[in-house]
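The values are calculated or read from the model by the stated rules, or taken from the named source; none is laboratory data. Just so it is clear, the model here is predicted, and its values are computed rather than measured. Cβ sites come from the backbone with ideal geometry, for glycine too, and all protein chains shown count toward neighbours.
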Amino acid sequence: MGLTPLMPLHAAENTAIAFDIPAGSLDSALNQFSRASGLNISFDLADLAGKSSAGLHGRYDSDDALAHLLASSGLQAVPLAEGGYRLIARTHDDSALALEATNINASGLARGVISEGSGSYATASTNSATGLALSIRETPQSVTVVTRQQLDDQGAISIGDVLRNTPGVSVQAFDSNRMVYSTRGFTISNYKYDGVNTIVDNIYEGAPHGDTSAYDRMEVVKGATGLMAGSGDPSATVNLIRKKPTHDFKASITGSAGSWDNYRTEGDISGPLNDAGTLRGRFVGTYQDRKSYLDHYQQKNDMLYGILEADLAPDTLLTFGIERHTTTPRGVSWTGNPVFFADGSRTDFSRSHNPGADWSRRDFQSSTYFATLEQALGHGWKLKVSLDHLVTDHDTRLASASGGNPDPATGDGMFLYWGRWEGHRRQNTVDASLSGPFTLFGREHELAAGAMASHSRLSGDTFDGSAFSMVPGSIFDWNGKLARQDFPRNGDYETTQSQNGLYLATRLRPSDDLTVILGTRVSTFKYDNEENYFATLDDVHASYKEHGVVTPYAGVVYDLDETYSVYASYTSIYQPQTNKDSNGSTLAPTEGNSYEAGLKAAYLDGRLNATLALFRIEQDNVAENIGTNPVTNEGIYRAIDGATTKGVELELSGELREGWSLSAGYTYARTRDAEQQRIFGFPLTTTMPEHVLRLFTSYRLPGVLEQVTVGGGLNWQSAFYGDIYSPIANDYTRIKQASYMLANLMTRYQHSEHLSFTLNANNLFDKKYLTGLGNFDTTYYGEPRNLMLSAKYSF
């Protein structure tokens, strides 16, 4: 599979040109060659990693100039019919897989990397960790990239589908619609879109809403990420990279049908909008209508995504887009099923039992308007300014037959959890960054600087849901039929959050084998919450303000040889909290330090990446759930000092050989407090699994069966625990979900150049397991075996 075709802006005549390119890194030399010659070059960033050039001085034609610059690099320049060059390895088989291309125009403006169309489970570079464009091997932190090809192979439709299959990530459920995702023992609380921070409310949302059809890939930076994100738990930052318009016309339509009447349609069209190709556009739309293994549950989702790219000048790129997601579920549960009968014996509800009323809902809509201006400044420097305007609305009306402990014989004695919530959020974010190379002591280094300002306002009415009501009849006869409830408005609320930050990072190269990354961030955080009630309840006000919070970062990478590198990194942790103790006081921010060291490798010219990471996380003021406020239904927490997490992470991703891709990872993370006790953290009263294994592979069959691709995966995790109230013990009792493994399969048949069919089977052996426990003393089952068949026609 070849490199992505380029659309040259212009090509210079192949006549003698005066060059004055100093010795330094090969990527910098190629940037300077491109500016001087006016020629585009496409290459794989991984091929340039660690390579240098002796420079070039004098008059040469472009062919000779490139030959001199590439001497001893193991690369050669292949002229393209449309102008410019493509760099390939001299010993590289043209049939082998090539990673996504990086396009450099005549002014040196990098258009970025894409994974779509590469057919690879690996990516050439990522800047999510430090703001610098680095390969996985060059990044002194564990990074997982889920490419477009892997998304397609796994049949991942939602962001949750991607996360639950990502190496190192575990999932636990609140209820039918909310999942919480964790890694290294902590909840993932930082999410970005194209590198721009966004707020995700784990209580109301669980994880970002959205359909994967809008995204090129997902990058997950493991551990603390304060340099780029500011605040956050030392779990991970998830960066969702949107699809970009293509230089050539392309379009596709996909139809899918799956278990429990799950139907979905997707359309994607992209290409140039003028003859010169300087204006490009893309539009993606999806619609899904599905039922569920849960009784009387159904959900409709739709997504619209549009993006325009305009080359305002050879060195100026303007992007504007809109992304909108809507989900309207019915039959939503609030929590799961009770664990104990009234006599203390364990319940055993079927997986299809749904405690939600048939009208219960969590309607959610988000619209993001985004614009980005990228400007090449010469000499390899680039300015990027992004503006995001996010609007979200949620309307939640719940009734769930989940409270209490039923009589084991009659099923009587259950009560309803119910209530109504709504919210309207507007978030504005501006993010500006400046990056480029500089020379110091005769060597070339890199610098990245940036500023971010984000402000969010969430407001809405409050409603009285305090009326107590028993479940009508036996829980064994429950079918979701319940009269719609009228929840009277009793007040309103407003919550504002702001974060401003400045960061600076530099990548120093003291020698060819050694790189040192130093950075720091200075942040300001503001939070204010007002709840005003008409009567019966006291008004609530909570706020905090922190100025000048400094987050240092340091990393070092040493190349042992052309394949292996050792690395180490350090960063501090700072996470403001809104959790309250038993007195209603807000907990102090969580603070601490994160350390990581390991070994990285790039095999097969960078087409296969491997990481071995050792990490240690030390924190104070970690929130542990110790109960629920019976008046407000809010959690009560205590602050844990001396919380320590120790662990190891292994990952292998990319191409083992032509047509055979693999993504595999194992994570061990053990979290204990100062007394070596487990921490039952936020937002669920549970622990996290200490061992997590994720594996997925696909293989295109050879010879006469080359139209067939087969694949499969294994998801295994160790036991986790939850505290559940027992009516007999009159105290909390610890229960356990034992370790379990899920098996998934896929197969694809490429019927023709245009038409393909893909079948995905999840939980192949129909394992029955709990994916949620501890939310209001209930448990929640994971999804049974299910199938999805998709047909895609590409134009």
Original post:
Is there a residue in region 166-182 that is of a type in the set (A, V, I, L, M) and not in a strand (DSSP E or B)?
Top reply: no
Original post:
Pick from Phe441, Phe468: which is within 30 Å of Gly411 (Cα to Cα), loosely packed, with under 13 Cβ neighbours inside 10 Å and either modelled with pLDDT under 95 or small (Gly, Ala, Ser) (or both)?
Top reply: Phe468
Original post:
Restricting to region 1-28, what's the tally of residues that are within 16 Å of Ala133 (Cβ to Cβ) and at pLDDT 80 or above?
Top reply: 1
Original post:
Can you name the number of the only condition in (1) in contact (Cβ under 8 Å) with a residue 40 or more places away in the chain; (2) surrounded by 15 or more Cβ atoms within 10 Å (Cβ to Cβ); (3) over 26 Å from Ser360 (Cα atoms) that Gln485 fails?
Top reply: (3)
Original post:
Out of the residues in region 511-533 that are over 30 Å from Asp561 (Cα atoms) and either touching a helix residue (DSSP H, G or I) at 6+ places or on another chain (Cβ under 9 Å) or not assigned by the TED database to the domain that holds Asn490 (or both), which is surrounded by the fewest Cβ atoms within 10 Å (Cβ to Cβ)?
Top reply: Ser523
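Has region 591-608 got any residue that is in contact with a Lys or Arg (Cβ under 6 Å, 6 or more places away or on another chain) and free of Cβ contacts under 8 Å to residues at least 24 places away in the same chain? Write out each step before concluding.
Filtering region 591-608 down to residues in contact with a Lys or Arg (Cβ under 6 Å, 6 or more places away or on another chain) leaves 595, 600, 602.
From what's left, free of Cβ contacts under 8 Å to residues at least 24 places away in the same chain: none.
Within region 591-608, none of the residues are in contact with a Lys or Arg (Cβ under 6 Å, 6 or more places away or on another chain) and free of Cβ contacts under 8 Å to residues at least 24 places away in the same chain.
I'd like to know if region 354-367 contains one or more residues that are surrounded by fewer than 18 Cβ atoms within 10 Å (Cβ to Cβ) and either among the hydrophobic types (A, V, I, L, M, F, W, C) or out of contact with any Asp or Glu (no Cβ under 6 Å at 6 or more places or on another chain) (or both).
Let us first name the residues in region 354-367 that are surrounded by fewer than 18 Cβ atoms within 10 Å (Cβ to Cβ), namely 363, 365, 367.
So of that shortlist, the ones also either among the hydrophobic types (A, V, I, L, M, F, W, C) or out of contact with any Asp or Glu (no Cβ under 6 Å at 6 or more places or on another chain) (or both) come out as 367.
Yes.
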**OP:** For Gly473, work out the one condition from (1) closer than 29 Å to Gly195 by Cα; (2) not in a strand (DSSP E or B) it doesn't fulfil.
**Re:** (1)
**OP:** With the condition kept exactly as written, say whether any residue in region 241-255 is crowded, with 23+ Cβ neighbours inside 10 Å, touching a helix residue (DSSP H, G or I) at 6+ places or on another chain (Cβ under 7 Å) and at pLDDT 85 or above.
**Re:** no
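Just to be sure I understand, how many residues within region 140-165 are in a loop (DSSP other than H, G, I, E, B) and of a type in the set (D, E, K, R)?
The initial filter retains those residues of region 140-165 that are in a loop (DSSP other than H, G, I, E, B), namely 140-142, 147, 155-157, 165.
If we keep only those that are of a type in the set (D, E, K, R) as well, we get none.
Number satisfying all stated conditions: 0.
From the list Gln676, Gln717, which one is touching a His at 6+ places or on another chain (Cβ under 7 Å) and among the polar types (S, T, N, Q)? Quick ask: steps written out before the conclusion?
Details: Gln676 fails: touching a His at 6+ places or on another chain (Cβ under 7 Å).
Sole residue among the options that is touching a His at 6+ places or on another chain (Cβ under 7 Å) and among the polar types (S, T, N, Q): Gln717.
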Original post:
Which one of these does Thr265 not meet: (1) under 30 Å from Ile573 (Cα atoms); (2) of a type in the set (Ser, Thr, Tyr); (3) surrounded by fewer than 16 Cβ atoms within 10 Å (Cβ to Cβ)?
Top reply: (1)
**OP:** Quick one: which residue in Ser585, Ser543, Ser572 is among the polar types (S, T, N, Q) and modelled with pLDDT of 90 or more?
**Re:** Ser572
**OP:** Kindly indicate which of Phe283, Phe249 is more than 28 Å from Thr392 (Cβ to Cβ), hydrophobic (A, V, I, L, M, F, W, C) and assigned by the TED database to the domain that holds Pro784.
**Re:** Phe249
**OP:** Tally the residues that are aromatic (Phe, Trp, Tyr) and at pLDDT 95 or above, restricting the search to region 765-779.
**Re:** 2
Original post:
Does any residue in region 544-559 that is at positive phi come within less than 9 Å, Cβ to Cβ, of a residue that is part of a strand (DSSP E or B) and of a type outside the set (Val, Ile, Thr) six or more places away or on a different chain, and which pairs are these?
Top reply: Gly548/Ser523
**OP:** Quick one: which residue in Ala601, Ala639, Ala610, Ala597 is in a strand (DSSP E or B), among the small types (Gly, Ala, Ser), at pLDDT below 90 and assigned by the TED database to the domain that holds Ile573?
**Re:** Ala639
**OP:** Would you mind telling me which numbered condition in (1) crowded, with 16+ Cβ neighbours inside 10 Å; (2) aliphatic (A, V, I, L, M); (3) out of contact with any Ser or Thr (no Cβ under 9 Å at 6 or more places or on another chain); (4) under 30 Å from Val522 (Cβ atoms) Leu604 fails?
**Re:** (4)
Original post:
What pairs come up if the first residue lies in region 368-384 and is more than 26 Å from Phe33 (Cβ to Cβ), the second is modelled with pLDDT of 95 or more and among the aromatic types (Phe, Trp, Tyr), and their beta carbons are under 9 Å apart, counting only those six or more places apart or on different chains?
Top reply: Tyr369/Phe320; Phe370/Phe320; Ala371/Phe320; Thr372/Phe320
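Kindly establish whether Gly491 is modelled with pLDDT under 95, more than 35 Å from the chain's Cα centre (by Cα) and in a strand (DSSP E or B).
Details: modelled with pLDDT under 95: yes; more than 35 Å from the chain's Cα centre (by Cα): yes; in a strand (DSSP E or B): yes.
In short, yes.
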Original post:
Going by the structure shown, is Ser333 surrounded by 16 or more Cβ atoms within 10 Å (Cβ to Cβ), touching a residue at least 60 places away in the same chain (Cβ under 8 Å) and hydroxyl-bearing (Ser, Thr, Tyr)?
Top reply: yes
Subject >> From the options Asn744, Asn763, residue that is within 23 Å of Gly155 (Cα to Cα), in contact with a Lys or Arg (Cβ under 9 Å, 6 or more places away or on another chain), crowded, with 16+ Cβ neighbours inside 10 Å and polar (S, T, N, Q) >> reply: Asn763
**OP:** Residue by residue through region 607-628, note down the ones that are touching a Gly at 6+ places or on another chain (Cβ under 8 Å), surrounded by 18 or more Cβ atoms within 10 Å (Cβ to Cβ) and under 17 Å from Glu138 (Cβ atoms).
**Re:** Arg607, Leu608, Asn609, Thr611, Ala613
Subject >> Sole exception among (1) surrounded by 19 or more Cβ atoms within 10 Å (Cβ to Cβ); (2) of a type outside the set (A, V, I, L, M); (3) farther than 30 Å from Ser459 by Cα for Pro576, by number >> reply: (3)
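Looking only at region 765-795, which residues are closer than 22 Å to Pro689 by Cβ, part of a strand (DSSP E or B) and in contact (Cβ under 8 Å) with a residue 60 or more places away in the chain?
So the first thing to find is which residues in region 765-795 are closer than 22 Å to Pro689 by Cβ, and the list is 765-785.
If we keep only those that are part of a strand (DSSP E or B) as well, we get 770-775, 778-781.
Thr771, Gly772, Leu773, Gly774, Asn775, Thr778, Thr779, Tyr780, Tyr781 - these are the residues of region 765-795 that are closer than 22 Å to Pro689 by Cβ, part of a strand (DSSP E or B) and in contact (Cβ under 8 Å) with a residue 60 or more places away in the chain.
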Subject >> Test: Ile728 is under 16 Å from Val339 (Cβ atoms), loosely packed, with under 15 Cβ neighbours inside 10 Å, in contact (Cβ under 8 Å) with a residue 60 or more places away in the chain and more than 25 Å from the chain's Cα centre (by Cα) >> reply: yes
**OP:** List every residue pair whose Cβ atoms lie under 8 Å apart, where the two residues are 6 or more positions apart in sequence or sit on different chains, the first residue falls within region 646-659 and is over 19 Å from Arg137 (Cβ atoms), and the second residue, located anywhere, is of a type in the set (Lys, Arg) and buried (at least 19 other Cβ atoms within 10 Å of the Cβ).
**Re:** Gly647/Arg184
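Has region 286-294 got at least one residue that is assigned by the TED database to the domain that holds Ala483, in contact with a strand residue (DSSP E or B) (Cβ under 6 Å, 6 or more places away or on another chain), farther than 30 Å from Thr733 by Cα and in contact (Cβ under 8 Å) with a residue 40 or more places away in the chain? Break it down stepwise before answering.
Of region 286-294, the ones assigned by the TED database to the domain that holds Ala483 are 286-294.
Cutting the leftovers down to in contact with a strand residue (DSSP E or B) (Cβ under 6 Å, 6 or more places away or on another chain) gives us 286-291.
Narrowing the set further to residues that are farther than 30 Å from Thr733 by Cα leaves 286-291.
Add one more test, that the residue is in contact (Cβ under 8 Å) with a residue 40 or more places away in the chain, and what stays is 286, 288.
Scanning region 286-294, I find at least one residue that is assigned by the TED database to the domain that holds Ala483, in contact with a strand residue (DSSP E or B) (Cβ under 6 Å, 6 or more places away or on another chain), farther than 30 Å from Thr733 by Cα and in contact (Cβ under 8 Å) with a residue 40 or more places away in the chain, so the answer is yes.
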**OP:** Could you pull out the residue among Leu398, Leu377, Leu373 that is assigned to a strand (DSSP E or B) and under 28 Å from the mean Cα position of the chain (by Cα)?
**Re:** Leu373
